[in-house]
1. When you scan the stretch 1-66 for strands (runs of 3 or more DSSP E) that lie fully inside it, which ones turn up with 1 or more residues that are among the β-branched types (V, I, T) and either assigned by TED's automatic domain parsing to the domain that holds K239 or at negative phi (or both)?
2. Checking the conditions here, which among E98, E134 is without any contact (Cβ under 8 Å) to a residue 24 or more places away in the chain and out of contact with any Leu (no Cβ under 9 Å at 6 or more places or on another chain)?
3. How many of the residues making up the stretch 227-248 are under 19 Å from the mean Cα position of the chain (by Cα) and under 13 Å from I161 (Cβ atoms)?
Amino acid sequence: MIQSMTGYGKSVVQLPSKKITVEIKSLNSKNLDLHARVPSSYREKELEMRKTISKSLTRGKVDFNLYVEITAEETSSKLNEPMVKQYMKQLSNVVDGEAVELLKMAIRMPDALKTERKEIEETEFNDINQALNEALIAINKYRSDEGHVLEEDFKQRSITISELLEKVILIDNDRIDIVKERLRKAISDLNETIDENRFEQELIYYLEKYDITEEKVRLKNHLNYFNEALESEDSNGKKIGFICQEIGREINTIGSKSNHAPMQQLVVQMKDELEKIKEQALNVL
């Protein structure tokens, strides 16, 4: 079963003094392109979280965001009292003002506040890790659901191409007869006497260039292989892309050899269906 590279997952964990939200979004990309936005106090765990994401999401442009909201009376910033008092003393030598006004100016000065960096507790990181895993489960489910929609669309378009191929097969014999008749008429219009045996030999050689027997067989085989790839347990967008290239090669060859308007119209319809598959296949994991 195929998976889409488009997905979204979110999980929220409520701790005693803060609420932590893990959010993961992904879009299509040739390889894994992971962008992380993590608060500075959690940077020491970023590499570990990246590894966890990389194991679960092997491809795609992935945005990982970790949001922290303080919900209790807790802050890591403290007033640097000695520094503030020193600023106030210096300011009082420059301007006249009440203590409150001097304080307002002093706390805007550099180093008036000091931030105490706390180590992440193991229990807190375990909660974050659990939220990360829940978000990954959610995004993978999203990807699977999207993949199911893509799979149904691919199967329907594959059926359409197969039906068009059957129409090509049906008109192929008539096409050869029409080409023969066209050539005979062209010769007769020249009012020249021709050697029938030589003409038949040249005609056979000429028609061999328009023979699409091998292309019809290969196209049918490629379509069968395409459907087998869709049923595979592993989602392989690159493999599907390669098969589409082979399908397109056979369709193009049939079109170039057809020399018959009704068949070329069928080829155009097959190309249209294939282009829609190829466009969506770029989003397959």
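1. Working: elements: 7-14, 18-27, 32-37.
Qualifying strands (runs of 3 or more DSSP E): 7-14, 18-27.
2. Being without any contact (Cβ under 8 Å) to a residue 24 or more places away in the chain and out of contact with any Leu (no Cβ under 9 Å at 6 or more places or on another chain) holds for just one of E98, E134, which is E98.
3. Adding up the residues that qualify gives 2.
Residue by residue, here is whether (1) in contact with an Asp or Glu (Cβ under 6 Å, 6 or more places away or on another chain); (2) farther than 30 Å from I277 by Cβ holds:
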site: P16; (1), (2): no, yes
site: K19; (1), (2): yes, yes
site: N28; (1), (2): no, no
site: E48; (1), (2): no, yes
site: G60; (1), (2): no, no
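The values are calculated or read from the model by the stated rules, or taken from the named source; none is laboratory data. Please read these numbers as outputs of a predicted model, since none were measured by experiment. Reconstructed Cβ throughout: ideal geometry from the backbone, glycine too, with neighbour counts over all protein chains shown.
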